[in-house]
1. Just report the Cα centroid separation between segment 18-70 and segment 84-123, whole Å.
2. Given only helices, namely DSSP H runs of n ≥ 4 each adding -39500 (n - 2.57), what is the per-residue ellipticity at 222 nm of the chain, to the nearest 500 deg cm²/dmol?
3. Based only on Cα atoms, what mean projected area does the convex hull of the chain have, in nm²?
4. Arrange PHE65, PHE109, PHE100 by Cβ neighbour counts within 10 Å, fewest through most, would you?
5. Would you kindly derive the ³J(HN,Hα) couplings of segment 15-22 from the backbone phi angles with the Karplus curve 6.51 cos²θ - 1.76 cosθ + 1.60 (θ = phi - 60°), listing them in order in whole Hz, with x for Gly and Pro?
Amino acid sequence: MPPQAGEATVTFKQGIRSGLDNMMNFDERATREEFWWWALLVGLVMLSTVVVGTILVFSAILGGFFLLLLALPTASIVVRRLHDLDRPGWEALAALVPLFGWAYLLMRFTEAGDPVPNQYGRR
């Protein structure tokens, strides 16, 4: 889906950099592109650990390490993405409800963000 009016194009590198730079920031906003670039990175890292895990014996340790390493920045970008939609970060807890919560969040994450400043700040 092409960017909406006022929504800048974010490259993969910029999206990952934003995720890492804002890993302790739960107050501002993250664009749809930033979120999906980060989701791609997490997916690729997890896929890589599965592939390497089939070759090496310590796959559970390796997977657990990367899961812990990516947990805080992922939580941050999820909350900031919800803020971009003018939704409270607490809605991220919907992920704890199997299927329905995941579907709800997936639906939210694909929506275009609020183009004007909202209660969580400017883009």
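1. The distance from the Cα centre of segment 18-70 to that of segment 84-123 comes to 19 Å.
2. -19500 deg cm²/dmol, from helical runs alone.
3. 8.1
4. PHE100, PHE65, PHE109
5. Listing the rounded values in order: x, 5, 4, 5, x, 6, 5, 10 Hz.
Coordinate-derived values only; no laboratory data. Computed from a prediction, not measured in an experiment: that's the story for all the values here. Virtual Cβ from ideal backbone geometry, glycine too; neighbours counted across all protein chains shown.
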